[in-house]
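Read-outs throughout are calculated quantities, based only on the coordinates presented, and are distinct from any laboratory measurement. Not measured: the values here are computed from a predicted model. As a convention, Cβ positions derive from the backbone with ideal geometry for all residues, glycine included, and neighbour counts pool all protein chains shown.
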Amino acid sequence: MLLIRCPYCEEERPELEFRNAGEAHIARPTDIAAISDDDFEKFFFIRQNPKGIIYERWRHLHGCARFFNAVRDTVSDKFVMTYKAGEPKPSKLPGVSK
Amino acid sequence: MSGAFRISNAGRLTPARTARFTFDGKAYTGVEGDTLASALLANGVHLVGRSFKYHRPRGFLSAGAEEPNALVEIARDSARKTPNVRATVQELYDGLSAKSQNRWPSLSFDVGAVNDVASPFFSAGFYYKTFMWPKSAWKNLYEPNIRSAAGLGVAPDQPDPDHYSSRFAHCDVLVLGGGAAGLAAALAAAETGVRVIIADEQAEFGGALRFESGARIEGQGGWAWAQGIVAQLKAMGNVRVLSRTTAFGYYAQNFVGLVERVSEHLADPGHDVPRERLWQVRAKRVVLATGAIERHMVFADNDRPGVMLASAARTYLNHYGVAVGRNVGVYTANDSAYGAAIDLKKAGVNVAAIVDLRDNPSGTLIDQARAAGIEIHDGRAVTRVGGKLRVSSMTVQPKNGGGERTIAIDALLMSAGWTPSVHLFSQSRGKVAFNEDKRFVPGTYAQDCVSVGACNGTDGLAASMDEAYAAGTKAAKEAGGKATKVSKPKVDADEIWSRGMLGSAPGAGPDTTVKAFVDFQNDVTAKDIRQAVREGMRSIEHVKRFTTNGMATDQGKTSNMHGLAIAADMLSKPIPEVGLTTFRAPYTPVTFGAIISHARGPLFDPTRRTPMHGWAEKHGAVFEDVGQWKRAWYFPRAGEDMHAAVNRECVTVRKTAGLFDASTLGKIEVVGPDAAKFMELLYTNPWEKLEAGRCRYGIMLREDGFIYDDGVVGRLAADRFHVTTTTGGAARVMNHMEDYLQTEFPHLNVWLTSISEQWAVIAVQGPKSRDIIAPLVEGIDMSDEAMPHMSVREGKICGVPTRLFRMSFTGDRGFEVNVPADYGQAVWEALWAEGQKHGAAAYGTEAMHVLRAEKGYIIVGQDTDGTVTPNDAGLDWAVGKKKADFVGIRGLTRLDLVAKGRKQLVGLRTKDPRVVLEEGAQVVDNPNQPIPMKMIGHVTSSYWSENCGRSIALALIAGGRDRAGETLYVPMPDKVIEVEVTGMVFFDEKGERLNG
Ligand SMILES: [Zn+2]
């Protein structure tokens, strides 16, 4: 069972308290009713599913109930960092080369 | 007397404290503190089981958890039967009853032993090759027979009556293994004040000090020192000492699973103590002090009862006071077996000879053995043994060939060296390294742990304890401990064992056909491993699967390294290139009981009951499970079956009135200055212009345009909405709303609160509903003018606050009375009393379903399936056409969602009104087409409607609304049912009854 740091509670809590909520940094278009089929496809259906670093959303469901973002390595299953919803995608990751 | 082989003045048990037990029905006496193995050996019993495949007689190989052979069934009563218990770890208690396994009719005469003679047919990979044809025979003929003939114990056939417990624990330093190294590490860490947990699988701490008679620490014997340290640790407030506790799994971020055997060793545990306790420990640092496991020698017939590990014989003597024979031989490739020979000799056992594969071995132990008068045959091998059910002789030959000599013995102690126990390290995802001593030791660490002592490849007591003490101090410091005074234990006398050998011994090489066992539990011989390589297996992972080497319940604790070395030799490759298999949890078998703990029966999943549950129970309700909820399904009266009860309930609701417990509905309060804006975005409907005090039926979509949930929403005030959801959707709708509010629309000033369990809901439906409620209500004008259909008022009922909704899920005049949950039953009872004056009935979920279907009201999740749009469901009117945005707005315009021919919800009337369709039944337009027919839809809801006097059904049909009046067909196994496509409303099409 992983330990996940909630950026709102500012502490590590067991995985049982959290729920994954899919890939992060996919903003809902403000003019969504007007976007093209291609843009809707990219927004709604297309996901990265990378081997390695993934940016994803989690919810501290059985805690503060906040959604936040996390960077996780899908190979080692290790969390690199977590940050609050709405904060920019981090450009530098601690302990990750390149 | 507790056995003829018990040696007086040897061992640490108290002979006077006897314990009686039976094995295969025969009564024996042992001593408290014995294992079943030591007690049997004390009585001269070596034959304890039959092997997995060849049914060969087997005895005890070891004195510990690595035991592959001595598996027995322990039965406390008819329900408490545990198969495959290792006799070497099962502690003896008075009255213990054990049975041997895998033999018929008896242990000494086993019919299955014919497999041993027929063994050419059972060589490596035989399961894959022999039973391939015909394919169908595998399931019906081969597998059942193989399973019954080749197998271990029999699984119990009754529910487990024992109970188990489970605990989470946190600590700074977790020490796994309570031998000399583990104790030193725990002591070092504990002295800094950090929280320490130390666990060991044995009943007592001390590890190898149990048999290592040469060890002296701090001026006392090693064992005595260990007991003193344990007492010291137990007395410290910051230390938890867990004996009989096996760390079986090492998971991410230093999360370790341990199982504590709480009462398995007690004669009468009683019902208050659990059988086992699961510990889930999160540690800042882990110290692995898991020791090493002695390897056997791989030579012909090395599985004969009486042939065992030297350390085991030494343990039986030095700890249990049991001699494993009266005239023993020793076969070794390292020094440690000499210690066993010397101790046995001192205890009065004749040591016939030590056969040492090495040329001119030298060292203190060898000198001591010589001085004790033990004959040493160096440079020689034991090429085979005599005896059938027990070893009777060993045949000794120079290792490079030459004259044989047979020596009579009644036990043979062997040692090929020691394998570091890197199981937990490997489970932690650490990478092992093959070192210059030809051992796999911890290499690269993946987690915050450290290995010390024998499991780290460190030889000798003094070196191990130095390393462990330093590691314990360091781990404690890293976990936040304070530096403290040093009280490192001093080792006065030590035993250092040299390396030994890997692979098969002379006489069991590639040029032979003998059965030299590598894996005892799965009956894998050196020959099998070579055959696997000959048949093309190159990686040890393939060799393992082809031969099943190391795949038994002991996970190859004694066999892995030998198997690897033999494969590497055949492949002419260095061992690391052939690779070591990955160790996986559990380290030793774990019971299902310990894993599931209390989560069984009624505690498997929470049961949710509404505030009125007790009333429904008292009034004979039959309940159905709806998710975790218990819902009243129908209320049968005397003599009524379900059908009769539901018919009566449905008729009564439309004739007078009915009371229905709707408390399970999901309820969410949406509050704040932007509440209406938020509702506009989350639902397809317009909300801004809905007046306070009015209600609206809302539809919620996912972004893809499909219906996600629905429910009636009441606007209590400009900034306050009382939202209802489906029973099953309550939690996910809340999550869906929170997700959008927190991440997409955080600019909206809105607060969401789940109020599902705060309000009990009593639906009162039917022409008399107002007459029933009105006398109990204060402060609400319930006239049609003041409170029209689809409105909500706040006031009091029976003196308690209510949110009174005028709404209908039956099509008749109706209300839903919301009251604080604690008043639910009292208000229900008051309404019931009023209802009785009008002849009202209580109705359950089945009648609710029928009544709503009569009106064509859908149930999300039954009439929709996640691919249904509002238009498909005939609910286009509920989508705000002028809205610029709502979740799902873009999805609704996707090509597929606006295409012609989509499945649409319609009504179906069977041509024969008495026939009720099956829900889920497929619909076709031409019943005479060839199979597979083209299915154009399916029935989503179907009931007998007593109010309509016929069956009614809803169905999703391709282009359904354009097919009104068409005849379609529902093919069933025995007949084809003709149906007519109709509208969705079967009763009161004009909707006049809402105000009736
Ligand atoms: Zn939190």
Report summary line: The answer for B:D674, listing residues at least 5 apart or on another chain whose modeled amide H is closer than 5 Å to its amide H, is B:N749
Report summary line: In this structure, the FRET efficiency calculated for B:E436 and B:T582 from their beta-carbon separation, with R0 = 25 Å, to the nearest 0.05, is 0.60
Report summary line: Quick note on A:I35, B:I957, B:I566, ordering by fewest other C-beta atoms within 10 Å, gives A:I35, B:I957, B:I566
Query - Charge sum, other residues only, whose C-beta stays under 11 Å from B:D709's C-beta, Lys/Arg counted +1 and Asp/Glu -1 - result: +1
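Sequence gap at least 6, Cα distance under 8 Å: using those rules, report the relative contact order of chain B to the nearest whole percent.
In percent, rounded to a whole number, it is 9.
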Report task. Could you let me know the centre-to-centre spacing of region B:683-729 and region B:810-852, using Cα atoms, in angstrom? Result -> 23 Å
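What is the mean number of Cβ atoms from other protein chains located within 10 Å of the Cβ atom of each residue in peptide A:64-72, rounded to a whole number?
Details: counts 0, 5, 3, 8, 2, 1, 0, 0, 0.
Per-residue shielding by partner chains comes out at 2.
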Query - More than 20 Å apart - percent of Cα-Cα pairs taken over region B:508-571 - result: 13 percent
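Work the Kirkwood hydrodynamic radius out for chain B: mean of 1/r over every pair of different alpha-carbon atoms, inverted, in Å.
Its Kirkwood hydrodynamic radius stands at 34.1 Å.
Out of every Cα pair in region B:18-115, what percent are spaced more than 16 Å from each other?
Result: 52 percent of Cα pairs exceed 16 Å.
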**Report entry** Neighbour-limited loop hits for GluC sites (Glu not before Pro), region B:647-710 (at most 16 other Cβ within 10 Å; DSSP other than H, G, I, E, B)
**Finding:** B:E688, B:E691
Requested in this report: Specify the inter-centroid distance of region B:32-50 and region B:646-682, based on alpha-carbon positions, in whole Å.
Outcome: 70 Å
Report summary line: Here the averaged projected area of region B:420-575, based on the convex hull of its alpha-carbon atoms and given in nm², is 11.4 nm²
Report task. Note down the nm distance, to one decimal, between modelled labels 7 Å out along Cα→Cβ at B:A463 and at B:A731. Result -> 5.5 nm
Requested in this report: Normalise the Debye intensity by I(0) for region B:792-864, one equal point scatterer per Cα, no solvent, then take log10 at q = 0.15 Å⁻¹ and round to two decimals.
Outcome: -0.64
Requested in this report: Could you pull out every residue, at least 5 positions away or on a different chain, whose amide H is within less than 5 Å of the one on B:V307? Hs are placed 1.01 Å off N in the peptide plane, and Pro or chain starts have none.
Outcome: B:V391, B:L412
Query raised in the report: If you average 1/r over all unlike Cα pairs in region B:141-288 and invert the result, what Kirkwood radius do you get in angstrom?
Result: 17.3 Å
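In the structure displayed, which of B:K768/B:K911; B:K81/B:K345; B:K515/B:K573; B:K438/B:K490 lie more than 28 Å apart, Cα to Cα? Let's see the in-between values first.
Working: B:K768/B:K911 34 Å; B:K81/B:K345 40 Å; B:K515/B:K573 24 Å; B:K438/B:K490 30 Å.
The pairs that break the limit, which is 28 Å between Cα atoms, are B:K768/B:K911; B:K81/B:K345; B:K438/B:K490.
I'd like the mean, over residues of A:25-35, of how many other protein chain beta carbons sit within 10 Å of each residue's own Cβ. Write out the running numbers ahead of the final one.
Values: counts 0, 0, 2, 8, 2, 2, 3, 10, 8, 4, 1.
Across A:25-35, the average partner-chain Cβ count within 10 Å equals 4.
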Requested in this report: Please go through region B:785-819 and write out the GluC sites (Glu not before Pro) that DSSP classes as loop and that have at most 16 other C-beta atoms within 10 Å.
Outcome: B:E785
Query - Rounded tilt (10° steps) of B:336-346 against the dominant C-alpha axis of chain B - result: 60 degrees
Query raised in the report: Do any cysteines in the protein assembly as shown lack another Cys Cβ under 4.7 Å, and if so which?
Result: A:C64, B:C171, B:C449, B:C455, B:C650, B:C695, B:C798, B:C948
**Report entry** Between helix B:642-655 and chain B: long-axis angle, C-alpha atoms, 0 to 90°, nearest 10
**Finding:** 30 degrees
Query raised in the report: Setting aside same-chain residues fewer than 8 positions from B:K485, which lysines have a Cα under 16 Å from its Cα?
Result: B:K474, B:K477
Query raised in the report: Based on the alpha carbon coordinates of the protein assembly as shown, what radius of gyration and maximum Cα-Cα distance (Dmax) apply, in Å?
Result: 37.6, 117
Query raised in the report: Using the Cβ atoms and a cut-off under 13 Å, what net charge is assigned to the surroundings of B:N735, where Lys and Arg are +1 and Asp and Glu are -1?
Result: +3
Report summary line: Expressed in angstrom and rounded, the centroid-to-centroid distance over alpha carbons for region B:227-292 and region A:1-78 is 37 Å
Query raised in the report: So which trypsin sites (Lys or Arg not before Pro) in region B:880-919 are both in a DSSP loop and have at most 15 other Cβ atoms within 10 Å of their Cβ?
Result: B:K881, B:K882, B:K900, B:K911, B:R914
Requested in this report: Determine Rg/Rh for region B:766-812; Rg is computed over alpha-carbon atoms and Rh is the Kirkwood hydrodynamic estimate from the same atoms.
Outcome: 0.93
Requested in this report: Just need the relative contact order of region B:18-115 here, percent rounded to a whole number, with Cα pairs under 8 Å and 6+ apart.
Outcome: 34 percent
Query - Rg/Rh for region B:22-66, where both radii come from Cα atoms and Rh is the Kirkwood radius - result: 0.99
Query - For region A:60-74, Karplus couplings with θ = phi - 60° (6.51, -1.76, 1.60), whole Hz, Gly/Pro x - result: 7, 4, 9, x, 7, 6, 7, 7, 8, 10, 9, 10, 10, 8, 6
Report summary line: Note on region B:660-852: contact order normalised by length, alpha-carbon pairs under 8 Å, 6 or more apart, percent, works out to 22 percent
**Report entry** Calculated over region A:3-84: convex hull of Cα atoms, volume per residue (Å³)
**Finding:** 94 Å³
Query raised in the report: So for A:E10, B:E541, fewest C-beta neighbours within 10 Å to most, what's the order?
Result: A:E10, B:E541
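Any number yet on Rg/Rh for region B:660-852, C-alpha, Kirkwood?
0.97
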Query raised in the report: Do you know the Lys pair count in region A:23-98 for C-alpha distances under 22 Å, with sequence separation 8 or more or different chains?
Result: 11
Report task. Using only Cα atoms, find the angle between the long axis of helix B:824-838 and the longest principal axis of chain B, and express it within 0 to 90 degrees, rounded to the nearest 10. Result -> 40 degrees
Query raised in the report: Can you give the translational diffusion coefficient of region B:310-444 in µm²/s, computed by Stokes-Einstein from the Kirkwood radius over Cα pairs at 25 °C and 0.890 mPa s?
Result: 153 µm²/s
Query raised in the report: At A:E87 and B:T14, where each label point lies 7 Å from the Cα along Cα→Cβ, what is the point-to-point distance in nanometres?
Result: 6.3 nm
Report summary line: CD proxy, 222 nm, chain B: helix-only mean residue ellipticity via -39,500 (n - 2.57) per DSSP H run with n ≥ 4, per residue, nearest 500, stands at -6000 deg cm²/dmol
Query raised in the report: If you wrap a convex hull around the Cα atoms of region B:858-995, how much volume per residue is inside, in Å³?
Result: 137 Å³
Query raised in the report: Taking amide H positions as placed 1.01 Å from N in the peptide plane, with prolines and chain starts having none, which residues 5 or more places from B:V286, or on another chain, fall under 5 Å of its amide H?
Result: B:L174, B:C449, B:V450
